[in-house]
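Worksheet: the structure to be examined is printed underneath.
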Amino acid sequence: VIVFSYFFYMLGAQGADYLETPKDGFGYKVGFAILRWTVTMLKLVILGGVFGFCLGLGNGLPQKSIIGPVLGLIAIVLLVFLPAGYHGTNDVFETDLENSGTHSEWSSLGNLLPFFGIVLVLLQIKNIFDFMIPHFEPTKWYKIVDGIAGSSTKMAYRSKQAGIFKINQLVKNAHDLHKLDEKAQERSLLKQSSAVGQGSNDGSTSHKSSKAIALQNYADQVDELEEVGGLVWSVKEYFSGRMAGTEGIWLPSRLLAANAIQFFAIIICITSPSVTFRDLIEAIYPTTLPETVIFSESCFTTFDYDDCYFPFQDRGFYAGVGVCRDVSFEGPECYPLFQPLNGTDGLDGLIGSTCDSLLSAFAVVEAQVTDKLLGANCSDILGAAREFASEKAIDLDITEAEAVATINQCYGINSMTAEDIEKFNEWFTGDPRFPEITNETLSFCEDVRDLVKTDAFSELAPGFEDDAFEAFKMCMDAYGSIAMESPCKNSLFTPTEEIFAYEKNYGGEDDFCVSFISACYIDIYNPTRATCVIGESDDNLYQFQGPSCKNYPEIGNTLNYYEEVILPQQVSIMSFFPEKWMLILTAVVSIVTGSLVAIITASAYIPSAIHTVLKFRCGVIPSLKDPYFLKYRKNLVNQTYMIGAMFWGLIVTTAMVTILVAIVVFLLVYPPTRRYVIGIAAQVLGIVVTILLRTVLCMFFLKTAYAGFYRKMPAFANAFMFCIECWNM
């Protein structure tokens, strides 16, 4: 428990990042590395010492004062419960892992801290009971708490029981050694009578002395061995307490803690390669578009082909994407599926400037406005609306930004149908960013619309106010704001998972066109509509699919360009890529094998330690006479490597086995290398079979031609040995 809490703190340890960045010289880099690691190790030592000392208070035996458990409870609150609910950051450690970026994937570990804190609290409550009520009658729950207590608490009395048991066993063995064993005595007399040539056993055992009987029993038993069980027996005997009460075997708490950490590491050994293989497979084989219309009430997205622009379409070159205005998000879960796009560098590298592409999608609107008003454009129309907002801001004693926001928001509301408003209120209930649209709101926005329609364009287009207002609506549909800001000035958004967008005139399974949604500029006043890049997913372009896709000219031209120009190049490249099932099989076999190795390795430590102790007790492993005794005595500090070596040893071993098995399996299933692997495997199997054949022949030969070290058939033995010698060459 203490180790886990310490591990959680050290995940967010800042290291020595605040130190000055080293210069380019080798000497500077060496000095900086020494300083950095020294600071890191000091933090490890200080934090480890504080945790070990504070959380271990009150766990001594026997309890001489109640102060220790009370201080231990305070330490549990400060070091375990507090970081679970309060996320802090300082120069030493960081417990706000969720927002740290580097260790955000470990943030869920903080949820385990309260559980471990409860375990520590129960142990301290037990210690308080032990102090206040020394002869307290243990209950079922008390025994459970006692079962997870430290080894010093549990083993204090069991070591005494083991001492009593050993004394009793010593007395029993001494008694049995002087006790007459009739069968053993009978065997000994038969041997004696056979040695002196007597044919009968007329000796009497009643006249043998106790010393003679003891010597005889010792001679009969000196070569006998005591067998012990394996892994299951060791674990069962140790954790049941029988081994502690009979053999006095006391494994250190550090070994048990390290073994527990190993089983925690097994989770890492399983999840890490699983995530790695999943990301690799998804990167090589991304999500494909559906082959039918999948309607979802939580989020269903449509686009209008007539409002789409395809970059470079006027040059006969198609980038593989389209930029569509007025993309519709239907469903309460659409908006939460988007997150801010950190940058457009990746998308820029695929389609050119993302911002220019989004602005080019509005060029069609600009042309339509120019035709409608004989030379005016959106800049003129929306500029007149901004001037109107500025004048009204002065009249109403509000800021210009508030007036602009009011016009923008009311335009978005006025463009909604009654059904849209009902859905909007349902989808965004309780979201302070999007207040509920009430009847009062509708009435107010209608008044705002009428004012804009009658007063905003009287100077720009006198006598043509209605046409100017229609142009205003066209411009607002494109830009979403009279401020006419570039889409890239505000945050672009990208979906956190794949979102399919269907052309809005879909008719059924045989009449639809679907694509992926990439980056979007979402209308901040109406989050159910956006201007989005479609046709791209995970850096894969030309993502359009459906029976009716080629019915739309520019989408059809995009797909034709892909089939005629891009696809032949991709086919030649993709021919070298393995099939998806090959990677899945490689992942499954390697992860399962690595997991089994990790479980077997972690399960073997406690039985191995028990067997080592038993061998040491019986003299199989020497103590003072061991040639390495002086070396052991000088390196007592090596025991501190145990927890780290067991944890990282398991991680490294599992990783190496997983990687090795993955390489072998992949080479075996990957067509270009399969024939070489099969050829090598065939040769190896051939060698193994011949070695087995030679072993069988040697077994029959030794029984036939030899008696021990002596040749019964010298000529045959010499000939066979010469043949085997030639074989071994």
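The values are calculated or read from the model by the stated rules, or taken from the named source; none is laboratory data. Everything quoted here is computed from the prediction, not taken from an experiment. Positions of Cβ are backbone-derived with ideal geometry, glycine not excepted, and every protein chain shown enters the neighbour counts. SASA here: full protein model, heavy atoms, side chains in, ligands and nucleic acids out. Shrake-Rupley method; radii C 1.70, N 1.55, O 1.52, S 1.80 Å.
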**Request:** Filter the stretch 418-440 for residues that are without any contact (Cβ under 8 Å) to a residue 60 or more places away in the chain, in a helix (DSSP H, G or I) and open to solvent by less than 70 Å² (accessible area, probe 1.4 Å) and give the result.
**Result:** Ile421, Asn425
**Asked** Which one of Ser443, Ser415 is under 18 Å from Ala483 (Cβ atoms), among the hydroxyl-bearing types (Ser, Thr, Tyr) and either at pLDDT 80 or above or open to solvent by 50 Å² or more (accessible area, probe 1.4 Å) (or both)?
**Response** Ser415
**Residues (at pLDDT below 80 and among the small types (Gly, Ala, Ser)) located in the stretch 608-666** = Gly619, Ser623
**Fill in**
Within the stretch 247-265, residues within 11 Å of Phe647 (Cβ to Cβ), modelled with pLDDT of 80 or more and aliphatic (A, V, I, L, M) come out as Ala258, Ala260, Ile261, Ala265
**Item:** Of residues in the stretch 54-89 being loosely packed, with under 13 Cβ neighbours inside 10 Å and at pLDDT below 80, the one farthest from Ile125 (Cα to Cα)
**Value:** Gly88
**Asked** Does the stretch 614-662 hold any residues that are among the basic types (Lys, Arg) and under 30 Å from Phe264 (Cβ atoms), and which are they?
**Response** Lys615
**Prompt:** Among the residues of the stretch 267-278, is any farther than 30 Å from Gln169 by Cβ, open to solvent by less than 20 Å² (accessible area, probe 1.4 Å) and assigned to a helix (DSSP H, G or I)?
**Reply:** yes
**Message:** Filter the stretch 391-403 down to the residues that are part of a helix (DSSP H, G or I) and either within 15 Å of Lys473 (Cα to Cα) or open to solvent by 40 Å² or more (accessible area, probe 1.4 Å) (or both) and list them by number.
**Reply:** Glu391, Lys392, Ile394, Asp395, Leu396, Glu400, Ala401, Glu402
**Item:** From the options Glu554, Glu536, Glu503, residue that is buried (at least 23 other Cβ atoms within 10 Å of the Cβ), acidic (Asp, Glu) and in contact with a Cys (Cβ under 9 Å, 6 or more places away or on another chain)
**Value:** Glu503
**Prompt:** Got a sec? Which of Phe303, Phe310, Phe239, Phe264 is hydrophobic (A, V, I, L, M, F, W, C) and open to solvent by 70 Å² or more (accessible area, probe 1.4 Å)?
**Reply:** Phe239
**Prompt:** Name the pairs whose Cβ atoms lie under 6 Å apart, with the first residue in the stretch 299-323 and under 15 Å from Cys532 (Cα atoms), the second in a helix (DSSP H, G or I) and modelled with pLDDT of 85 or more, and 6 or more positions between them or separate chains?
**Reply:** Phe310/Glu554
